[in-house]
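Take a look at the structure below.
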Amino acid sequence: MGAIDKGTCPVKTGSIYPEPYASQMAGRSSLRLGDAGGLTQFGANEVILAPGALSSLRHWHHREDEFVMVTQGECALVQDEGETVMRVGDCAAFPAGDPNGHHFINKSGAEARFLVVGSRMNPEIATYSDVDLEVELKDGKATFTHKDGTPYQGDEA
């Protein structure tokens, strides 16, 4: 494949989350760089956060590793122990199975971007640290449940 033209990359906006969580992701989008390059073993996305936007609900992956590097602006990395300001060139790693949930918030007045690279495990489970929600990703389908395994109906929060 070689060079990827970011101008023609698929852009994902919104979220796969059920409501009321999906609407909390306003101002977040991502360029699907790995998909544009035909990658299948790991994902590579450039996440774009407008001022005030969240990258995701705070979460952790059971089987997938994630790596992040800030490429533009600054954002706050939020984990169990608090917030860390991340600036251009700063990196973070989230090993599979570590239940210290994470997400990023753009608290600045300018757009922030970061590159996120993660393994693509099938199936995979992600647990959301601050809400009663889990997702199983299997064969391209997302199934949301409560942490006790009961089905999530949406708009229950």
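The values are calculated or read from the model by the stated rules, or taken from the named source; none is laboratory data. Worth saying up front: this structure is predicted, and the values here are computed from it rather than measured. Counting neighbours? That spans all protein chains shown, and the Cβs are built from the backbone with ideal geometry, glycine included.
Evaluating GLN72 against the criteria (1) buried (at least 18 other Cβ atoms within 10 Å of the Cβ); (2) farther than 17 Å from LEU137 by Cβ; (3) of a type in the set (S, T, N, Q) leaves one unmet condition, (1).
In region 28-42, is there at least one residue being touching a Phe, Trp or Tyr at 6+ places or on another chain (Cβ under 8 Å) and hydrophobic (A, V, I, L, M, F, W, C)? Before the answer, list the steps.
Within region 28-42, the subset touching a Phe, Trp or Tyr at 6+ places or on another chain (Cβ under 8 Å) is 34.
When the remaining residues are screened for being hydrophobic (A, V, I, L, M, F, W, C), the result is none.
Checked against the condition, which is being touching a Phe, Trp or Tyr at 6+ places or on another chain (Cβ under 8 Å) and hydrophobic (A, V, I, L, M, F, W, C), region 28-42 yields no hits at all.
Once region 83-127 is narrowed to residues that are charged (D, E, K, R) and under 16 Å from the mean Cα position of the chain (by Cα), the residue that is farthest from VAL70 (Cα to Cα) is GLU124. Of all the criteria given as (1) out of contact with any His (no Cβ under 6 Å at 6 or more places or on another chain); (2) free of Cβ contacts under 8 Å to residues at least 60 places away in the same chain; (3) not in a strand (DSSP E or B), the one not satisfied by SER56 is (1). Among strands (runs of 3 or more DSSP E) entirely within region 76-157, having at least 3 residues that are in contact (Cβ under 8 Å) with a residue 40 or more places away in the chain, out of contact with any Pro (no Cβ under 7 Å at 6 or more places or on another chain) and surrounded by 12 or more Cβ atoms within 10 Å (Cβ to Cβ) singles out 103-105, 112-119, 124-128. The single condition among (1) under 24 Å from SER29 (Cβ atoms); (2) at pLDDT 95 or above; (3) hydrophobic (A, V, I, L, M, F, W, C) that ILE125 does not satisfy is (1). Please give the strands (runs of 3 or more DSSP E) falling wholly within region 1-52 in which 2 or more residues are in contact with a helix residue (DSSP H, G or I) (Cβ under 8 Å, 6 or more places away or on another chain) and in contact (Cβ under 8 Å) with a residue 60 or more places away in the chain. Those strands (runs of 3 or more DSSP E) span 42-49.
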